[in-house]
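Step one of this worksheet: look at the structure below.
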């Protein structure tokens, strides 16, 4: 479903950093893929490129068989909206905005009726078990709850792929486990999940683990389910 | 989508109430100035129109000196000795058959100051004929109007406007002096439709026109006021007067006018005033617009992360741009609302406690609204564009 061919990406922050060094990668539908590696190995960049948040300098990217590396910014936004759901380490919820409004956000960039948007958001919030906190603001929630809201926001548009960048990085072990179980549940409903982590315990959940270093894929290993 | 944007915009403006308000002050002042001044101009226009229309559609006026259309008013002709004389009035009475039989009225300006004991009034003293009351829509408060007998006998009488009467402390039957002439107060009156542009009518004192000629030691006439038989024959009557007087004087040393012509002239002046007001207010909006740009740039920077989040969930550049544009336009719209509200409030007070009768018209409101929206768009454009162009990955990393 996702395919990168010789994708390269460089940054120059003072000095030139090679974030992706001719990476080729194929991800099939229904995979639960973990990307691990030391910080600065390019795993976040890989996730951003996959999620159309960042553009590669060279190489080809195919999404559902269509070229995705040469899209206009408008098309990229549209595909981001419809194909992907992002979950971040630092939750990235809108402050001063209720749980419901946060979850509804991706749908406001679609042409759907207000009622349908509302319904879908309520359903997504129910799935993460926060139906009793609809009106709460992010600062009134615990870290685990905030990440649940973020997951609901990622799910609400019924994306094909959930991209999570160290989703448990800011949480204690127990809450992290709960969040990972949630991802597992999401994966079981047929959604492709790609997540970045350097927590070894979480890797056992994945069906496939990719290890990266210096912008290259070192190891690509399938886990026994 | 739009509703959501509006709500978000309002919420973020509200989150920074003080900052929003301070930014708005310039817009409020600018819009207030436009609306308040235009209301006054429109009010004066309306009052003047009422007065002119009050003359009725058949009135024709003759002024000394020739006025040339398209050139500035020949002011000197209004201050120099008049080119029109009492015999011109009689001539018109006799020859102009298109005029109403009620007769020709005329006015003679008298320069003297009124005095009663120690009290003086530098009002506007006019020698008038019997038609004065009807022309100015004057209400006789006490006593009577100028009569034909007054004119025939050059009666030593005077009729005082309410204000002059108060200034002098004169009552009906009292004696007042105009120069060395001792006159008896035979009537007092009030002019309902007095406009501030027409200060003369506020301090008016009337004496018989024939007496005025005697005081001036001249048969000069400053205004001749006649009436056409009906509204349809006004233009024909005007032409007849023009040709009759031209023939008699040998040149056009006078101007025949319809009140509507005067109105056109007056409206031209107020329109120039309008452009001036809008021009000045534009400067204030320009200055406040720069403030809006500034504050929107700050807002965009503060909300870099939010922009990143929105882009990550699929907001297009246009969606981000319109969100911030809506916010800056909403900011100026609030300014417009406050400015207009303030002006409307002041209008009410002015109407109550001053001779001004400001009128807030739809075109003024439209102009204020238009200027507000334009300011919001023009000065919100650059910050909104900056927001839209932000790189989502970098924006998300922003703390």
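No value in this document is a laboratory result; all are computed from the given coordinates. Because the structure is predicted, anything quoted here is derived from the model rather than measured. Backbone-built Cβ (ideal geometry, glycine too); neighbour counts: all protein chains shown.
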Legend entry - Fewest-first ranking of B:55, B:159, using other Cβ atoms within 10 Å as the exposure measure: B:55, B:159
Legend entry - Bins of 5 Å from zero: percent of alpha-carbon pairs in segment B:33-78: 5, 17, 12, 13, 23, 18, 9, 3
Inset, instruction - Whole Å is fine, so just give me how far the alpha carbon centre of segment B:340-392 lies from that of segment A:102-157. - result: 38
Legend entry - Packing-based exposure ordering (other Cβ within 10 Å, fewest first) of B:242, B:125: B:242, B:125
Legend entry - Approximate shape of segment A:146-208 as ellipsoid semi-axes (Cα gyration tensor, √5λ), whole Å, largest first: 18, 14, 10
Inset, instruction - Please give the average number of partner chain Cβ atoms lying within 10 Å of the Cβ of each residue in B:119-127, rounded to a whole number. - result: 0
Legend entry - Calculated diffusion of the protein assembly as shown, Stokes-Einstein form, Kirkwood radius summed over Cα pairs, 25 °C and 0.890 mPa s, µm²/s: 78
Inset, instruction - Any chance you could give the angle, 0 to 90 degrees and rounded to 10, that helix B:17-54 forms with the longest Cα principal axis of chain B? - result: 20
Inset, instruction - Provide the percentage of antiparallel DSSP beta bridges, counting only those with both residues in the protein assembly as shown; round to the nearest 5. - result: 65
Inset, instruction - Using only Cα atoms, find the angle between the long axis of helix A:99-108 and the longest principal axis of chain A, and express it within 0 to 90 degrees, rounded to the nearest 10. - result: 60
Inset, instruction - Output the peptides B:160-170, A:25-35, B:355-365 sorted from most to least packed, where packing is the average of other Cβ atoms within 10 Å over each peptide's residues. - result: B:160-170, A:25-35, B:355-365
Inset, instruction - With springs only between Cα atoms under 10 Å apart, run a GNM on chain B and tell me which of B:66, B:94, B:171 wobbles the most. - result: B:94
Inset, instruction - Choose one answer from B:347, B:105, B:74: the residue with the largest mean-square fluctuation in a GNM of chain B with alpha-carbon springs under 10 Å. - result: B:74
Legend entry - Exercise: per-residue mean of other protein chain Cβ atoms within 10 Å, A:90-96: 4
Inset, instruction - Would you list the P(r) distribution for chain B, with all Cα-Cα distances sorted into 10 Å bins from 0 and each bin expressed as a whole %? - result: 5, 18, 20, 16, 12, 10, 9, 7, 3, 1, 0
Legend entry - DSSP bridge orientation in segment B:57-258 - percent antiparallel, rounded to nearest 5: 75
Legend entry - Cα extents of chain A along the three principal axes, largest first (Å): 46, 39, 39
Legend entry - Alpha carbon centroid spacing (whole Å) that separates segment B:208-286 from segment A:174-205: 91
Legend entry - Helix-only [θ]222 nm of chain B, DSSP H runs n ≥ 4, -39500 (n - 2.57) each, per residue, nearest 500: -19500 deg cm²/dmol
Inset, instruction - Would you please calculate the Kirkwood hydrodynamic radius of segment B:272-399 over all C-alpha pairs and express it in Å, rounded to one decimal? - result: 16.5
Legend entry - Within chain B, percent of DSSP bridges classed antiparallel, to nearest 5: 75
Legend entry - Averaged over A:101-109, number of beta-carbon atoms from partner chains that fall within 10 Å: 5
Legend entry - Value in Å of the Kirkwood radius, where segment B:57-258 supplies the Cα pairs that are averaged: 17.5
Inset, instruction - Mind telling me which of B:273, B:61, B:18 comes out most flexible in a GNM of chain B, alpha-carbon contacts under 10 Å? - result: B:18
